[in-house]
4 protein chains.
Amino acid sequence: MEYPNNDNNGLPRATRDVSLHELSTRLAEFSQVRGWDQYHSPRNLLLALVGEVGELSEIFQWKGEVGKGLPNWSSAEKEHLEEELSDVLLYLVLLADVCGLDLGQAALAKIIKNAIKYPVITPHNNDHSQNPTNSK
Amino acid sequence: MEYPNNDNNGLPRATRDVSLHELSTRLAEFSQVRGWDQYHSPRNLLLALVGEVGELSEIFQWKGEVGKGLPNWSSAEKEHLEEELSDVLLYLVLLADVCGLDLGQAALAKIIKNAIKYPVITPHNNDHSQNPTNSK
Amino acid sequence: MEYPNNDNNGLPRATRDVSLHELSTRLAEFSQVRGWDQYHSPRNLLLALVGEVGELSEIFQWKGEVGKGLPNWSSAEKEHLEEELSDVLLYLVLLADVCGLDLGQAALAKIIKNAIKYPVITPHNNDHSQNPTNSK
Amino acid sequence: MEYPNNDNNGLPRATRDVSLHELSTRLAEFSQVRGWDQYHSPRNLLLALVGEVGELSEIFQWKGEVGKGLPNWSSAEKEHLEEELSDVLLYLVLLADVCGLDLGQAALAKIIKNAIKYPVITPHNNDHSQNPTNSK
């Protein structure tokens, strides 16, 4: 199978922008050719997601507070973290797909909804009650 | 702020393909103008992610097994689910960003790694030991 | 209602009744002699708990709906489940302890609070709006 | 090592020692009289547990590192935390019960297993490879 639009010719490697539909398409093919679709009920995928969130948490569990950019983390630790972040994302994409929902659209809509819910504070509409604790 | 590349002119609404970089960019702006960056340490975001996974789980908790496509779910329930799936994704994107990692690249790399780890079974290389329980 | 005390003399095996204080005491000694107390900050323990909840979820993730009593589970699977349930409990006890809270007392109080919040439905005060979805 | 029994006569308040069987018994009665047993399948309870772990995490999510004993937390915050810790415990007890497992026994056995797995380091058997990261 060919994935078009890999038009990052000449750009530095890390800037190829991956879309949620691309991940969906690749995962659908991956599961289908292996016969794994049969296991992908919503609650199975949700529990698999929880399992991966657990593995993600294990990476951070004994570290105390961790600085932005992961100072002093080894390359191996960062790669491990990339894998666990990815596993969470991949199960999230699979879960949205099996539910028939468009995750990317939904996420954009949620950002817009949050932008309305939490208006930007300026010197003229300073609302000290606003804080991210309420950001649901 | 303008987001370019909305080149889904004429396509049905739900097919606009959202990328992970776009979500990152929008979230970065969202947080920056609200002064919320200061709260976005890796472990804070991780715990926020766990909180959202909890809310996602609550949607499914009393339902027993749920069929693909969410038969018999109301529109309101599906919208609620879209919001919680989105919240998980948005915190995951923020977490990857604050760690300095490219989530989309990492996810693609993980799919490729899994494809190698779990080769497709054909009649000639039938490996019955393969099953998704091991898919980490 | 009377809750008999812990002297399970003459009852069948497996009825030795373990208390939360006993677990606290044993865990405190366990950690102290190994010098692990230094790692037991509240958020470290919380993330360790999340990690164990992930492992617990992995046991159930590909099984579809599971019947009460775990029909058809092997002894090995049940032992594995016992270990993961235990790990969640032990980190929960450690977390409560490091926060200076009495988990057993708190749990009893929560049951009483819930009993008031969700009064028993009888033919004379039948409230169909009551259901466990709201049980927080 | 001796663990004194549960008769905390004469000890200060908050030392009433709650046992896991007592919680089981109370929860069984609570659910039975409300007709909620029908919802208590293993995976329903597991997802409810994950939901409560999410609520527990939300308490800690924007706080940065938190000190032992929760310095500077208000009484209201501590009570909220007690409730969420309790909710996790109560669903854990219900889950163990519906699986037919004895949570207290299992937890004691796990402590013993861990004590063997991680022998105490003394000046004569100093094993620097030992650390809690491996404590599963």
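Each reported figure results from applying straightforward, stated rules to the coordinates on display, with no laboratory input. Note that the coordinates shown come from a computational prediction; the quantities given were computed from them, not determined experimentally. Heads up, the Cβs are rebuilt from the backbone with ideal geometry, glycines too, and the neighbour counts pull from every protein chain shown.
Across the stretch D:16-24, computed HN-Hα scalar couplings (Karplus, 6.51 cos²θ - 1.76 cosθ + 1.60, θ = phi - 60°) run 3, 8, 8, 9, 5, 5, 4, 4, 4 Hz from first to last residue, x flagging Gly and Pro. The mean number of Cβ atoms from other chains found within 10 Å of a Cβ in peptide B:78-85 is 6, as a whole number.
Starting from one equal scatterer on each C-alpha and no solvent at all, send me the Debye-based log10 I(q)/I(0) for the stretch B:5-101 at q = 0.12, 0.14, 0.16, 0.23 Å⁻¹, two decimals. Rounded to two decimals, the profile gives -0.53, -0.69, -0.85, -1.17. Among A:111, C:116, B:59, the order by Cβ neighbours within 10 angstrom, fewest to most, reads C:116, A:111, B:59. Listed values for the stretch D:97-109 are Karplus-derived 3J(HN,Hα) couplings in whole Hz (6.51 cos²θ - 1.76 cosθ + 1.60, θ = phi - 60°), namely 5, 5, 8, x, 10, 9, 5, x, 4, 4, 5, 4, 4, and x replaces Gly and Pro.
For the pair residue C:109 and residue D:121, a Förster radius of 51 Å applied to the C-beta separation gives a FRET efficiency near 0.85, rounded to the nearest 0.05. Remark: the stretch B:32-47, residue by residue, has Karplus-estimated 3J(HN,Hα) of 5, 5, 9, x, 8, 3, 4, 8, 8, 7, x, 6, 4, 5, 4, 5 Hz, where x stands for each Gly or Pro and the curve is 6.51 cos²θ - 1.76 cosθ + 1.60 at θ = phi - 60°.
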